[in-house]
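Working notes, beginning with the structure itself.
The values are calculated or read from the model by the stated rules, or taken from the named source; none is laboratory data. Note that the coordinates shown come from a computational prediction; the quantities given were computed from them, not determined experimentally. Using ideal geometry, Cβ is built from the backbone for each residue, glycine included, and neighbour counts are taken over all protein chains shown.
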Amino acid sequence: MGQPLARCASPSCSPAVLQVTPVTLINTDYALQHYRQCAVSPDYLCYGLKQGHIRVLSRSSTVRALLKGHAKPVTDLQFADGAAAAGDGGVLASGGQDGQLFVWQLRLDTDAGAIRETQKLRASFVTPAGGWLLHWAGRMHQEGAG
């Protein structure tokens with residue numbers, strides 16, 4: 001249970017209690033790294049796992065999903081600003097230590113009790129030999145394009 005947020009001077013009022021619901025426990029080795037491994041939107045909460053997977057939790061239900069694509073740990077997660085307001089659900093970008101960039105479209109299917117994901121973009125920033133390049137495969141939507 002949560003702790004009281006404020007003391008109430010009147011005997012007739014009850015103190016407010018902050019409700020806390022644990023969603024996960026992640027055991028990790030400490031390392032000073034500047035990674036953004038969590039992302040939050042109005043609809044979803046996402047975090048990266050050691051294997052390179054991304055856990056997606058619905059904020060309005062107990063529905064969750066696991067995004068697979070990265071071969072190494074995720075180093076950055078970010079939701080597109082305004083995507084939920086535009087009716088696009090959640091548009092999540094993820095980058096990883098494997099040199100891959102993914103853009104995912106997330107949609108909560110309440111009838112099926114599942115989060116549906118569509119991979120909109122996959123870009124590689126390294127060659128198998130370790131050199132740097134940019135190669136992408138996917139569809140990009142350009143403002144005003146049909």
Can you pull out every residue in region 36-54 that is of a type in the set (Val, Ile, Thr) and surrounded by fewer than 19 Cβ atoms within 10 Å (Cβ to Cβ)?
VAL40
Residues that are farther than 27 Å from THR21 by Cα and modelled with pLDDT of 90 or more: list the strands (runs of 3 or more DSSP E) wholly contained in region 39-137 that include at least 3 such residues.
100-109, 114-126
Would region 30-37 turn up any residue that is farther than 30 Å from GLY99 by Cβ and modelled with pLDDT of 75 or more?
no
